[in-house]
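To keep things clear, I will list the structure first and then write my remarks on it.
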Amino acid sequence: MPLLGLLPRRAWAALLSQLLRPPCASCTGAVRCQSQGEESLQVAEAVLTSQLKAHQEKPNFIIKIPKGTRDLSPQHMVVREKILDLVISCFKRHGAKGMDTPAFELKETLTEKYGEDSGLMYDLKDQGGELLSLRYDLTVPFARYLAMNKVKKMKRYHVGKVWRRESPSIVQGRYREFCQCDFDIAGQFDPMIPDAECLKIMCEILSGLQLGDFLIKVNDRRIVDGMFAACGVPESKFRAICSSIDKLDKMAWKDVRHEMVAKKGLAPEVADRIGDYVQCHGGVSLVEQMFQDPRLSQNKQALEGLEDLKLLFEYLTLFGIAEKISFDLSLARGLDYYTGVIYEAVLLQTPTQAGEEPLNVGSVAAGGRYDGLVGMFDPKGHKVPCVGLSIGVERIFYIVEQRMKTKGEKVRTTETQVFVATPQKNFLQERLKLITELWDAGIKAEMLYKNNPKLLTQLHYCESTGIPLVVIIGEQELKEGIIKIRSVASREEVAIKRENLVAEIQKRLSES
């Protein structure tokens, strides 16, 4: 019977079909002939043998996670939560409201919004008559939300997972499933004031995380398009060439030039003119210099972009962050929906300390202005100007984790403040009363789930998990109406009255 229980449904169906075959013509009534009965049993035996053999030969299932994803241990979660707390507190300090959107959207909502990257979206199998895709970023769903709810003004932050079907590079903190932290300002405002605040937020977060020196590159999509037009790029190739330029942080100029010429059909002399511009980077003085450029100065779009950048640098100087910003003509940002100022933050390589590996993770934050995206969803094409930023938290997590690993830093995975212990048997009820009193007072407390744990085991648990205080109750303490408080670090013990326990614990915790 146990062996038969291993058979899958198809094997049982085959077996029953043989046993329940109708009798042959020479049989009468419901009585089977002996030959057919023997034949059926032989077939059944063969089916049983083959199915059991197949079951036994089935290769062992390999337990693993999908490519480009990761599990997060309690140690990882402590680090991530600290980083996210810092990021979100900054967003809230600047007046943002939290929101969320579905993990998947209608496929038509997301298509034609990401240019060449649209092929990296994860499409879901049709289950209910709707073609769906997992969200690629948090920006397009936000624009859809604004249009659908007719919201004209909003300052919001959003922390959530997104999915991209690209080649993962775990060593650079690149995954197929990853977390994004976005901040966006939607609404009609005076030029460059919201844009400057976004850059200020970037600086506050990157400074607060203490990742090392960083630089924020800025450009403007109108300057990029004006540069392309001035260099002779056909307008139909603007987005394709922009996508190539966007790879300059990962590829050498000669490789990007080859892609533009050999794969995208750009004339070599046009590519060379672009090459002259994309090597330019500097501060507000470069903005002034570009006003005098013989090609760019003749392009209306480029001049509009330069005017806004000049104003932007004025506000950045007032915010005290101008030295962290670089006007960089190689910055293109490949996403199709950007219309104005664009920016990207990179960590500057610092000399590695002994035992450290150089970290090459690319940009750690980016964003820009997208004034036309909401109008793409509005039936009447009504636009809501928007500007925002996204913090690359996965890459930041990777950097912090690697540095902690190099320094051998240990992470406490719980926040337990007090452990309730006893040195004697049959004190479970007293421990339960004691821990309830601590929980009700808002104190984070633990105890072992054993009736009669050994005191040494309890104290070792406190030392291994970093719990700072132990409260001990036994026969003598119960008899005298006292509780002992033990400092795990110093191993010093003091006795206090039972009724003063909560106040004494709170006092010690406030002083630590």
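Throughout, read-outs are computed from the coordinates displayed, never taken from laboratory work. A quick note: this is a predicted structure, and the numbers were derived from the prediction, not measured. Glycine also receives a Cβ, built like all others from the backbone with ideal geometry; neighbour counts cover every protein chain displayed.
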Next item on the list: Work out the FRET efficiency for ASP440 and VAL411 from their Cβ-Cβ distance, taking R0 = 35 Å, and round it to the nearest 0.05.
Entry: 0.75
Check: Can you list, bin by bin at 5 Å, the percent of alpha carbon pairs in the stretch 364-512, starting at 0?
Finding: 2, 8, 14, 15, 12, 7, 5, 6, 6, 6, 5, 5, 4, 3, 2, 0, 0
Next item on the list: Could you list the square roots of 5 times each eigenvalue of the Cα gyration tensor of the stretch 225-281, that is, the equivalent ellipsoid semi-axes, sorted largest first and rounded to whole Å?
Entry: 15, 13, 11
Note to self: Within the stretch 376-396, name every residue whose backbone N is under 13 Å away from a label modeled 7 Å from Cα of LYS152 along the Cβ vector.
What the structure shows: 382-385
Next item on the list: Rounded to the nearest 0.05, what FRET efficiency do SER207 and SER487 give with R0 = 35 Å and r taken as the Cβ-Cβ distance? Could you check?
Entry: 0.45
Margin query: How far apart, in nanometres, would the label points at LYS497 and ASP190 be if each is projected 7 angstrom from Cα along the Cα-to-Cβ direction?
Written below: 6.5 nm
Check: How far is it, in nm, from the label point at CYS280 to the one at GLU235 when both lie 7 Å from their Cα along the line to the Cβ?
Finding: 2.3 nm
Next item on the list: Go from 0 up to the bin containing the longest alpha carbon distance in the stretch 429-468, width 10 Å each, and give me the % of pairs per bin.
Entry: 26, 53, 21
Next item on the list: Treating each Cα of the stretch 143-237 as an identical point scatterer and ignoring solvent, apply the Debye formula and state log10 I(q)/I(0) at q = 0.22 Å⁻¹.
Entry: -1.18
Next item on the list: Determine by what factor the alpha-carbon radius of gyration of the stretch 53-144 differs from 2.2 N^0.38 Å, reporting the quotient.
Entry: 1.59
Next item on the list: Please list, or write none, the lysines whose alpha carbon is within less than 25 Å of the alpha carbon of LYS217, excluding same-chain residues fewer than 8 places away.
Entry: LYS92, LYS113, LYS155, LYS200, LYS237, LYS247, LYS250, LYS254, LYS300, LYS310, LYS324
Next item on the list: Just the number, please: Stokes-Einstein D of the stretch 60-102 in µm²/s, Kirkwood Rh from C-alpha pairs, 4 °C, 1.567 mPa s.
Entry: 96 µm²/s
Check: Considering amide H positions built from the backbone, and no H for Pro or chain starts, which residues 5 or more places from PHE104, or on another chain, come under 5 Å of its amide H?
Finding: ARG135
Check: Computed FRET efficiency, Cβ-Cβ of SER464 and LYS67, R0 51 Å: what is it to the nearest 0.05?
Finding: 0.90
